[in-house]
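Single-structure report; data block below.
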Amino acid sequence: MTQNIEKFDVIVVGAGPAGNAAAYTLAKAGKKVLQLERGEYPGSKNVQGAILYADALEKIIPDFRDSAPLERTVIEQRMWVMEDESYVGTTFRSDRFNQMPGNRYTIIRARFDKWFSEQVQKAGALVICEMTVIALLRDESGKVIGVEVDRDDGKIYAETVILADGVNSLVASRAGLREDIKPAAVALAVKETIFLPKETVEARFNLKGSEGVVIEMLGSISQGMAGTAFLYTNKDSISLGIGCMLSDMKAQNTTPAELLEKLKQHPSVAPLIAGGETREYAAHLIPEGGYHALPELYGEGWLLVGDSAGFVNAVHREGSNLAMTSGRLAAETLLELGEKGLPSTAANLARYKARLEDSIVLKDLKKYRNIPDTLHSQRQFLSDYPALLNGAAHEFFTVDSRDKATKEKAIFNAFRERRSLLGLLGDAYRLWRATR
Amino acid sequence: MMKVEEKLFQNRYRVDADRPHIRIKDESLCNNGCVSRACTVCCPAGCWSFEEGKIGLITDGCLECGTCRVVCDTHGNVDWNYPRAGFGILFKFG
Ligand SMILES: Cc1cc2nc3c(=O)[nH]c(=O)nc-3n(C[C@H](O)[C@H](O)[C@H](O)COP(=O)(O)OP(=O)(O)OC[C@H]3O[C@@H](n4cnc5c(N)ncnc54)[C@H](O)[C@@H]3O)c2cc1C
Ligand code: SF4
Ligand code: SF4
């Protein structure tokens with residue numbers, strides 16, 4: 001880097017889905033792009049459940065299915081509301097998901113990110129791994145004009161810098177572009193990848209070929225904390241994880257590793273992973289502050305995309321799709337400015353936000369803007385209701401000498417005892433309000 | 001119960017010997033001033049400990065999640081950086 005006076009059109013910091021989407025779109029259109037990644041290879045630092053939503057990627061690489069490392073096509077979705085020994089659940093399984101093109105796939109991020117990065121390189125971007133951006137460079141007016149990396153004389157210049165450096169986004173917060181994340185706006189998730197023979201996965205989940213099942217769980221497994229767990233089937237492994245808000249985790253005594261162990265031992269989960277071999281244990285933060293916690297998304301010479309901007313829809317566990325979509329929209333904004341011969345000033349980059357507002361990214365985050373607060377202040381959704389539902393099911397499905405009317409009354413009374421009638425009505429209203 | 005050490009044993013790391021990427025700014029604050037010691041509970045890799053009245057931090061098994069930095073919001077006592085480029089956790093699956 002010593003005599004580097006070369007200037008790039010765009011520098012992209014980070015090679016996760018957000019950075020890759022941006023770098024790919026820009027390089028494909030002929031821009032001179034430099035992408036920097038701190039890991040040994042793209043994906044070596046990244047963690048996801050992981051479900052890939054086809055739509056977001058299709059808009060960037062329409063024929064991705066021909067070469068992307070996809071694990072299984074999701075044909076069945078289960079939702080479990082859990083108590084210590086039981087769960088009440090719903091299942092949606094449809095053969096229609098088998099008909100091409102698939103809509104949701106399970107993936108393994110380390111493999112997927114590597115593949116995505118290969119496409120970025122083929123499109124013409126210069127991708128350098130094992131290089132960490134430590135600061136932003138600015139001119140006298142404060143405009144961002146490049147980045148500084150952890151090498152001697154590591155200054156690199158560009159017209160625009162896209163920060164796709166993920167949830168911690170040290171670069172953005174140290175440069176004062178955004179505040180550091182707060183415990184109440186972020187969840188910590190831990191996860192294991194548990195290997196089983198392909199045939200065992202298929203037999204346990206009633207699958208053939210590349211079919212896959214995903215299970216989302218909530219209830220007693222999070223021990224009263226705001227949190228959810230997941231179990232996803234891969235080809236010859238299972239991804240099992242649990243995540244809780246850090247503000248809640250701070251206020252109790254169970255470690256994340258213990259939470260995951262308890263999940264593994266739950267009588268409904270244990271048989272599904274029995275005999276499996278854990279080959280990796282991972283942890284990662286998820287920005288779950290939602291709409292109200294969003295930072296400034298652009299400024300003089302810079303844009304935030306993906307997790308570094310806080311684009312995660314916690315209710316639907318969508319993040320990678322919002323990352324890819326925001327990366328693409330950032331790139332398209334820069335292409336538009338390029339065509340019109342406009343510089344990357346904050347006033348011009350405002351078009352990025354307009355594009356986001358017109359897309360799934362900000363439309364969905366806006367729709368669910370009150371969910372994080374509702375779950376923080378209304379604990380009954382996390383602890384009382386799962387217990388009540390499971391109690392009701394026990395009551396209902398245990399055949400004894402009591403008649404059905406008596407049972408129904410017992411169920412109703414249980415709900416009323418734990419939450420007054422007004423409380424129940426209020427809860428229904430609050431949940432409705434929060435998702436409007 | 002699988003211990004956290006057993007979990008970490010499955011992972012691949014390139015350890016940057018003697019160059020910890022996370023440092024405690026003021027250990028006496030951890031030992032005497034901090035009530036929650038949230039880092040010792042929340043770290044998913046068990047890197048933080050509090051034994052015999054002393055805070056301990058060994059970053060070899062660190063998963064680079066950033067949790068210890070975020071939960072120490074009251075005191076801001078964690079000097080947190082990424083490991084040198086190429087070092088640290090190398091997720092095989094992620
Ligand atoms: C357990 C878990 C389960 C999830 N499940 C799902 C799911 O099923 N579906 C879904 O859509 N989303 C899911 N998400 C969310 C999803 O993973 C994220 O939203 C997504 O990865 C964000 O992409 P990104 O590119 O913004 O950030 P990241 O994927 O975090 O990428 C950031 C990149 O920047 C690099 N980097 C950081 N700092 C620097 C620096 N200073 N210099 C150079 N490089 C740097 C990092 O190494 C990394 O490669 C899940 C998240 C977790 C943790
Ligand atoms: S939370 Fe912060 S101040 Fe408290 S023990 Fe941990 S590092 Fe020290
Ligand atoms: S970054 Fe995460 S894994 Fe590493 S020491 Fe801090 S809390 Fe533990």
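The values are calculated or read from the model by the stated rules, or taken from the named source; none is laboratory data. Keep in mind that this is a model prediction, so the values were computed, not measured. Glycine gets a Cβ as well: all are built from the backbone with ideal geometry, and neighbour counts include every protein chain shown. For accessibility, only protein heavy atoms count, side chains too; no ligands or nucleic acids. Shrake-Rupley method; radii C 1.70, N 1.55, O 1.52, S 1.80 Å.
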Q: Starting from residues that are of a type in the set (Gly, Ala, Ser) and either under 24 Å from residue A:44 (Cβ atoms) or surrounded by 24 or more Cβ atoms within 10 Å (Cβ to Cβ) (or both), keep the ones in region B:61-81 and report whichever is farthest from ligand 2 (Cβ to nearest atom).
A: B:61
Q. Regarding residue B:36, is this residue within 12 Å of chain A (Cβ to nearest Cβ), in a strand (DSSP E or B) and surrounded by fewer than 18 Cβ atoms within 10 Å (Cβ to Cβ)?
A. no
Q: Quick one: which residue in A:49, A:19, A:39, A:43 is within 15 Å of ligand 1 (Cβ to nearest atom), in the same structural domain as residue A:333 (by TED's automatic domain parsing) and at positive phi?
A: A:43
Q | Criterion (within 12 Å of chain B (Cβ to nearest Cβ), of a type in the set (Ser, Thr, Tyr), buried (at least 21 other Cβ atoms within 10 Å of the Cβ) and in contact (Cβ under 8 Å) with a residue 12 or more places away in the chain) met by exactly one of A:233, A:193 | A | A:193
Q | Matching entry among A:303, A:329, A:285, A:335 (being assigned to a strand (DSSP E or B) and farther than 21 Å from residue B:94 by Cα) | A | A:303
Q: Output the number of the condition that residue A:302 fails; it satisfies all remaining conditions of (1) within 22 Å of the chain's Cα centre (by Cα); (2) crowded, with 20+ Cβ neighbours inside 10 Å; (3) closer than 23 Å to residue A:24 by Cβ.
A: (1)
Q | Long-range neighbours under 9 Å by Cβ, at least six apart or interchain, first residue under 24 Å from residue A:243 (Cα atoms) within region A:38-49, second within 16 Å of ligand 2 (Cβ to nearest atom) and open to solvent by less than 20 Å² (accessible area, probe 1.4 Å) | A | A:47/B:65
Q: Residue by residue through region B:1-25, note down the ones that are part of a loop (DSSP other than H, G, I, E, B) and either within 14 Å of the chain's Cα centre (by Cα) or within 8 Å of ligand 2 (Cβ to nearest atom) (or both).
A: B:15, B:19, B:20, B:21, B:25
Q. Out of (1) under 20 Å from the mean Cα position of the chain (by Cα); (2) within 14 Å of another protein chain (Cβ to nearest Cβ); (3) surrounded by fewer than 24 Cβ atoms within 10 Å (Cβ to Cβ); (4) not aromatic (Phe, Trp, Tyr), what's the single condition that is false for residue A:40?
A. (1)
